[in-house]
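Chemist: Before we start, here is the structure in question, set down as structure tokens.
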Amino acid sequence: MSEENVSEIARKLEVLKLRFKEKAAKDISRLQQAAEQFRVGRFGPNDVVAAYHSLHRLAGSAGTFGYTVLGEEARALEVLLKPLAEINGELAPAQVQRVVDLAFVSRVASLVDSLSLDPVASQRTGAALLPVTVEAATDAVALVVHSDPEQAQNLVQGLELHGFFPVAVPSLKRAVEHGLADVSVLVVKDAKMLSEGSVLESVADTPPIVCVGAGDSFDERYALAECGVDGFLCEPVDVPLLADTMERLITEREESGSGRVMIVDDDPELLEHYGLVLEQGGLKVWRVNNPADILGALSEFRPDIVLMDVQMGTFRGPDLARLLRFEPEWLGLPIIYLSSENDREYQTDALAKGGDDFLVKPVSDAFLLRAVSVRCYRARQLDKLVSRDSLTGLLKHSVARSEINKEYVRCQRRGEQAVVAMLDLDHFKHVNDRYGHRTGDLVIKGLANLLRHQLRKSDVIGRYGGEEFVVALPNCSLIDASRVLQSVCEHMAGIGFQSDGQEFHVTLSVGIVPLQNYLTSDDAIDAADQALYRRKQAGRNGVTVGEEAPITERTQV
Amino acid sequence: MRMAGVTEMEMETRLERIMLVEDEEDIRAVAELALEAVGGFTLTTCASGQKALEALADFKPQLIVLDVMMPGMDGPTTLKAIREHPDFIDTPAIFMTAKVQPEEVNGYLSQGAVAVIPKPFDPMALSDKIRDIWSNLEPEQRSE
């Protein structure tokens, strides 16, 4: 198993532990209240059995999450309560009070102390783990900080359906204690942000923050903006809108400072210097010392921009740029010249030959980094505009098709298997007719975000048309694909969309086929479309596997 | 990792599809991590015995893991209902329970389980444990 997978599993386990901890704290406080009532002889017919079950659950689960002491103590208390729970018929107060005495109540109360003991770190290391066959999707951890536990729970449940990995924590302080390094986004009640926001000052790199609250006056919003909040939504929270805001902030964060630059310079020392400056600024750099290597390097690295010296031995930058433009693939690639040439005439001439911009030497390191970062970001935005669907941020029809074809070729070459899926929202026209296009768009975005979360980074996801989507899952068996997409269907059906106070649900139909079993990738897409059509006829809401494909076929990874 | 055992393993039927019946959400989530991400199995989790009965025919588990104490249908009752389905008369079943007195274990085994896994379990070791149980079964119990 790769180290990445091990750390991914460890991280998920941490999140589950944290979630268990929050839940157990509530269970314990409920148990404590119940025990105090029992001690004074107050209980309903099922209260004792309920308390017994609650202790039994803690005894069985606490150890799994590393809270061994808690589990053992809960087990001891469970054993004490068991004889009462097994009595059929009414319990006399005296019977209960004999077991639930002051000592019992205080033992229940101190369960919460063993919860604050840090869970024992698992002694096992990655080497002991078995290989992972299915790469995990990248879940975005969201911490929900809300003063009202019920609202927090609602948000957690809502966001889960959108493919986030939400955890409710009672305060920002606790969120900081948990560590924010692996957290993708914070969702915070506005009042909490204003009163506790200062604890975030000690954190070097905070995730994006979205506030929810009732206050929508200018002053209140300004105060939140001053705290560094990135987004705000009015309560009651429209969860799909919240999920979309979170999604946007996460993507923006991921993309800033993640540019790819190719530097072409015949001076090895300058090349190394520029490279280091940009790498330290967080950019990915590919250095080309010999201009003749440029075409191969481009195909391999696929930079956002190229930074090029104007005069490199016998080679001239502008001619090299012109040569690049021979290839349609590189027509849109921004080329920036680094030059000590100050002559405007010369600059214009160079630009006319296929360059995009000039940085005049000498440049300071800081200026170089900023200038290059900004251009990378811009180049990426433009590229997105061309290749991405503006509503969903997914690949456009033609780009998705060509990506799937690339995957097809890869499958043929390496003898791997992949799955292609067509997805279509059920009765989507009704949604548009009944709730309007704005709401319809939100539904489409909802599905897009869900796909982004539930699928892997390496999966191809495209918006094929209106409410139709196409997905390719490389290195994936039909069974796995069917399972993953079934789960997408279930999540989608669970999302409550809102329009004018009305809640409604939208389901999804999917058709899947094995990509490599067809003569061309377009044939596979057509076959997936036919499977989708059959799904629609068979009652929608679910996954249908193309008939040509025997379901028994399976990956042996 | 187990290169030496490869030939031997290939001759046996591989365990792939496991059904887990467990009412507690936390445990379902950690078991998913333990059996899917760590163990590489294909897992279906069911929140109740009723749900398990509904999912049975579609998923065709090779092995069923049941929590003993669940509201409504408990583990043993669920297993009994599963056994009424002709395709799953012999499907190996494992009980998970926080009670592991020896006489209780025997009680569960006599109800048709092949093993009992005590709770709490170590999420990192659960897959190994299940693989061990699987490899100790009679060959005819290990269905495709």
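Chemist: Among A:ARG438, A:ARG540, A:ARG535, A:ARG463, which is over 15 Å from A:GLU407 (Cβ atoms), assigned by TED's automatic domain parsing to the domain that holds A:SER402, among the basic types (Lys, Arg) and within 23 Å of the chain's Cα centre (by Cα)?
Modeler: Values: A:ARG438 fails: within 23 Å of the chain's Cα centre (by Cα); A:ARG540 fails: within 23 Å of the chain's Cα centre (by Cα); A:ARG535 fails: within 23 Å of the chain's Cα centre (by Cα).
After applying the criteria, what remains is A:ARG463.
Chemist: Give the residues of segment A:175-190 that are part of a helix (DSSP H, G or I) and surrounded by fewer than 15 Cβ atoms within 10 Å (Cβ to Cβ), sorted by residue number.
Modeler: Of the residues in segment A:175-190, the ones part of a helix (DSSP H, G or I) are A:175-178, A:190.
Within segment A:175-190, A:GLU177 is the sole residue that qualifies.
Chemist: Hey, can you tell me all the residues within segment A:506-527 that are crowded, with 24+ Cβ neighbours inside 10 Å, in a helix (DSSP H, G or I) and not hydrophobic (A, V, I, L, M, F, W, C)?
Modeler: Matches in segment A:506-527: A:SER521 only.
Chemist: Quick one: in segment A:17-31, which of the residues that are farther than 16 Å from A:VAL96 by Cβ, more than 11 Å from every other protein chain (Cβ to nearest Cβ) and touching a Leu at 6+ places or on another chain (Cβ under 8 Å) is surrounded by the most Cβ atoms within 10 Å (Cβ to Cβ)?
Modeler: It comes out as A:ILE28.
Chemist: Testing A:PHE43 on (1) touching a Phe, Trp or Tyr at 6+ places or on another chain (Cβ under 6 Å); (2) more than 10 Å from chain B (Cβ to nearest Cβ), one condition comes back false. Which one is that?
Modeler: Among (1) touching a Phe, Trp or Tyr at 6+ places or on another chain (Cβ under 6 Å); (2) more than 10 Å from chain B (Cβ to nearest Cβ), the lone unmet condition for A:PHE43 is (1).
Chemist: Related question: Output yes when any residue across segment B:32-48 is away from every other protein chain (no Cβ under 12 Å), among the hydroxyl-bearing types (Ser, Thr, Tyr) and in a helix (DSSP H, G or I), and no when none is. Even if it seems obvious, please write down each step before you answer.
Modeler: Taking segment B:32-48 as the starting set, the residues that turn out to be away from every other protein chain (no Cβ under 12 Å) are B:46-48.
Still in the list and also among the hydroxyl-bearing types (Ser, Thr, Tyr): B:48.
Within this subset, residues satisfying the condition of being in a helix (DSSP H, G or I) are none.
No: zero hits.
Chemist: Which one of B:ARG17, B:ARG28 is under 11 Å from the mean Cα position of the chain (by Cα) and on the phi < 0 side of the Ramachandran plot? Lay out the reasoning, then the answer.
Modeler: On the way: B:ARG28 fails: under 11 Å from the mean Cα position of the chain (by Cα).
After ruling out the rest, the residue left standing is B:ARG17.
Chemist: Let me ask something else. Could you tell me whether segment A:543-553 includes any residue that is of a type in the set (D, E, K, R), closer than 23 Å to A:GLY446 by Cα and at pLDDT below 95? Reasoning before the result, please.
Modeler: Initially, segment A:543-553 is screened for residues of a type in the set (D, E, K, R), giving A:547-548, A:553.
Those left that are additionally closer than 23 Å to A:GLY446 by Cα: none.
No, segment A:543-553 contains no residue that is of a type in the set (D, E, K, R), closer than 23 Å to A:GLY446 by Cα and at pLDDT below 95.
Chemist: Condition first: among the charged types (D, E, K, R) and closer than 17 Å to B:GLU24 by Cβ. Now tell me which residues in segment A:44-61 satisfy that. Spell out the reasoning first.
Modeler: Step one: list which residues in segment A:44-61 are among the charged types (D, E, K, R), which gives A:47, A:57.
Selection gives A:ARG57 alone.
Chemist: Are any of the residues in segment A:268-280 closer than 30 Å to A:LEU368 by Cα, in contact with a strand residue (DSSP E or B) (Cβ under 7 Å, 6 or more places away or on another chain) and buried (at least 20 other Cβ atoms within 10 Å of the Cβ)?
Modeler: The answer is yes; a qualifying residue exists.
Residues checked against (1) away from every other protein chain (no Cβ under 14 Å); (2) modelled with pLDDT under 85; (3) out of contact with any Lys or Arg (no Cβ under 9 Å at 6 or more places or on another chain):
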| site | (1), (2), (3) |
| --- | --- |
| A:ALA109 | yes, no, yes |
| A:ALA121 | no, yes, yes |
| A:THR125 | no, yes, yes |
| A:ASP139 | no, yes, no |
| A:GLU150 | yes, no, yes |
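Chemist: Could you list, in sequence order, all residues of segment A:436-481 that are of a type in the set (Val, Ile, Thr) and more than 14 Å from every other protein chain (Cβ to nearest Cβ)?
Modeler: First pass over segment A:436-481, keeping only residues of a type in the set (Val, Ile, Thr): A:439, A:443-444, A:460-461, A:470-471, A:479.
Residues satisfying the conditions are A:THR439, A:VAL443, A:ILE444, A:VAL460, A:ILE461, A:VAL470, A:VAL471.
Chemist: Going through A:ALA59, A:ALA34 one at a time, which residue ends up being buried (at least 19 other Cβ atoms within 10 Å of the Cβ), within 30 Å of A:SER171 (Cβ to Cβ) and over 36 Å from the mean Cα position of the chain (by Cα)?
Modeler: Details: A:ALA59 fails: over 36 Å from the mean Cα position of the chain (by Cα).
Criteria check complete, one pass: A:ALA34.
Chemist: Quick check on segment A:160-193: of everything there that is modelled with pLDDT of 90 or more and hydrophobic (A, V, I, L, M, F, W, C), which residue is farthest from A:ILE9 (Cα to Cα)?
Modeler: Only one residue fits best here, namely A:ALA191.
Chemist: Sticking with this structure for a sec: Might you check whether a residue that is part of a strand (DSSP E or B) and in the same structural domain as A:ALA297 (by TED's automatic domain parsing) occurs anywhere in segment A:360-369? Lay out the reasoning, then the answer.
Modeler: Of all residues in segment A:360-369, those part of a strand (DSSP E or B) come to A:360.
Among the residues that remain, those that are also in the same structural domain as A:ALA297 (by TED's automatic domain parsing) are: A:360.
Within segment A:360-369, one or more residues are part of a strand (DSSP E or B) and in the same structural domain as A:ALA297 (by TED's automatic domain parsing).
Chemist: For segment A:58-74, enumerate the residues that are of a type in the set (Phe, Trp, Tyr) and under 16 Å from B:ARG28 (Cα atoms). Even if it seems obvious, please write down each step before you answer.
Modeler: Step one: list which residues in segment A:58-74 are of a type in the set (Phe, Trp, Tyr), which gives A:65, A:67.
Across segment A:58-74, the qualifying residue is only A:PHE65.
Chemist: If you check A:ALA59, A:ALA50, which single one turns out to be under 20 Å from B:LEU126 (Cβ atoms) and either outside any helix (DSSP H, G or I) or within 11 Å of chain B (Cβ to nearest Cβ) (or both)?
Modeler: On the way: A:ALA50 fails: under 20 Å from B:LEU126 (Cβ atoms).
The conditions single out A:ALA59.
Chemist: Provide a single number: the residues in segment A:62-97 that are within 11 Å of chain B (Cβ to nearest Cβ), among the hydrophobic types (A, V, I, L, M, F, W, C) and without any contact (Cβ under 8 Å) to a residue 24 or more places away in the chain.
Modeler: 1
Chemist: Need the failing condition index for A:CYS476 against (1) free of Cβ contacts under 8 Å to residues at least 60 places away in the same chain; (2) crowded, with 21+ Cβ neighbours inside 10 Å, just the number.
Modeler: (1)
Chemist: Right, next: Of the residues A:GLU503, A:GLU490, which is of a type in the set (D, E, K, R), free of Cβ contacts under 8 Å to residues at least 40 places away in the same chain and either outside any helix (DSSP H, G or I) or farther than 30 Å from A:ASP238 by Cβ (or both)? Give the steps one after another, and end with the answer.
Modeler: Working: A:GLU490 fails: either outside any helix (DSSP H, G or I) or farther than 30 Å from A:ASP238 by Cβ (or both).
Just a single option satisfies the conditions, and that option is A:GLU503.
Chemist: A further question on this structure: Under 20 Å from A:TRP286 (Cβ atoms) and either aromatic (Phe, Trp, Tyr) or in contact with a strand residue (DSSP E or B) (Cβ under 7 Å, 6 or more places away or on another chain) (or both) - does that describe any residue in segment A:341-350? Working first, answer last.
Modeler: Taking segment A:341-350 first, the residues under 20 Å from A:TRP286 (Cβ atoms) are none.
Looking for residues that are under 20 Å from A:TRP286 (Cβ atoms) and either aromatic (Phe, Trp, Tyr) or in contact with a strand residue (DSSP E or B) (Cβ under 7 Å, 6 or more places away or on another chain) (or both), one finds none in segment A:341-350, hence no.
Chemist: Oh, and also: Which numbered condition trips up A:TYR346, out of (1) over 25 Å from A:PRO268 (Cβ atoms); (2) part of a loop (DSSP other than H, G, I, E, B)?
Modeler: Among (1) over 25 Å from A:PRO268 (Cβ atoms); (2) part of a loop (DSSP other than H, G, I, E, B), the lone unmet condition for A:TYR346 is (2).
The values are calculated or read from the model by the stated rules, or taken from the named source; none is laboratory data. None of these values were measured; they are calculated from a predicted model. Using ideal geometry, Cβ is built from the backbone for each residue, glycine included, and neighbour counts are taken over all protein chains shown.
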